[in-house]
Each structure stands twice: as C-alpha cells, then as structure tokens.
Amino acid sequence: MPKVYGSLIDTETRCRHYFTEEDIIAIKFKCCNKYYPCYKCHNEFEKHAIKRWSEPSFNEKAILCGVCKHELTINEYMMV
C-alpha cells in the first residue's frame, strides 16, 4: 500500500479534519506525488501550493481506498 501522509487517526485514511464513515479515501496530490487524506493535511505538511490534476491526467491512479487499499484513477473514482 502506498504511504499516506498527514494527520491520520485510523488505518482507513481518516484524518483529524475529515473522519465520518464516508471519509475513506486518500488523494495523491500532483504537486508532490504523495497521498494525503485531505487538502488541509497537505497544506499542514507541505510548503508548496497544491497543483491540481488536469482532465487529460484523469486516467492516472490518484485515489486510494482506505478500506480495500486499491488505487483508482480519477475517472474510476468519479464513476463510483
């Protein structure tokens, strides 16, 4: 499983900012190629600005399911 950075509170990628039953994904940020549970965690741990994925890159694996640990492309995630 890829490493998830940030203020994690459990093994399903919930963090101190987002911790409901539905908050079970981590996002790979294009700017640093690291998984974080949310943008707030990214901003706390990184010194650079967030760089968003452009639509032509939506086939890149950039979402991690905190339950099954499967990586999804942005397009796959948006279809769920």
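Bear in mind that the values in this text are calculations on the coordinates, not laboratory data. These numbers were taken from a predicted model, which means no experiment stands behind them. Because the Cβ atoms are built from the backbone with ideal geometry, glycine has one as well, and the counts that use them run over all protein chains shown.
Between a residue in the range 25-41 that is farther than 12 Å from Ala62 by Cα and any residue that is in a strand (DSSP E or B), which pairs come within a Cβ distance under 7 Å, given they are 6 or more apart or on different chains?
As it stands, the answer is Cys38/Cys15; Cys41/Cys15, since those pairs meet every condition given.
Could you count how many residues in the range 52-74 are in contact with an Asp or Glu (Cβ under 9 Å, 6 or more places away or on another chain) and assigned to a helix (DSSP H, G or I)?
The number of residues fulfilling the criteria is 1.
Answer yes if at least one residue in the range 6-22 is under 12 Å from Leu64 (Cα atoms), in contact (Cβ under 8 Å) with a residue 40 or more places away in the chain and touching a Gly at 6+ places or on another chain (Cβ under 6 Å), and no otherwise.
yes
Thr73 is checked against (1) β-branched (Val, Ile, Thr); (2) touching a Cys at 6+ places or on another chain (Cβ under 9 Å); (3) farther than 24 Å from Asp10 by Cβ and fails just one. What number does that condition carry?
(2)
Under the condition of being hydrophobic (A, V, I, L, M, F, W, C) and within 14 Å of Asn33 (Cβ to Cβ), which residue from the range 52-62 is surrounded by the most Cβ atoms within 10 Å (Cβ to Cβ)?
The first filter runs over the range 52-62 and keeps only residues hydrophobic (A, V, I, L, M, F, W, C), leaving 53, 58, 62.
Pick out the ones that are also within 14 Å of Asn33 (Cβ to Cβ) and you get 53, 62.
On the way: Trp53: 16, Ala62: 22.
Among those residues, the one meeting the criterion is Ala62.
Taking the condition of being of a type in the set (Val, Ile, Thr), touching a strand residue (DSSP E or B) at 6+ places or on another chain (Cβ under 8 Å) and in a loop (DSSP other than H, G, I, E, B), how many residues in the range 1-49 meet it?
3
Is it the case that some residue within the range 26-43 is of a type in the set (A, V, I, L, M) and under 10 Å from the mean Cα position of the chain (by Cα)? Show your work before the answer.
The first filter runs over the range 26-43 and keeps only residues of a type in the set (A, V, I, L, M), leaving 26-27.
Now restrict to residues that are under 10 Å from the mean Cα position of the chain (by Cα): 26-27.
So far as the range 26-43 goes, yes, one or more of its residues are of a type in the set (A, V, I, L, M) and under 10 Å from the mean Cα position of the chain (by Cα).
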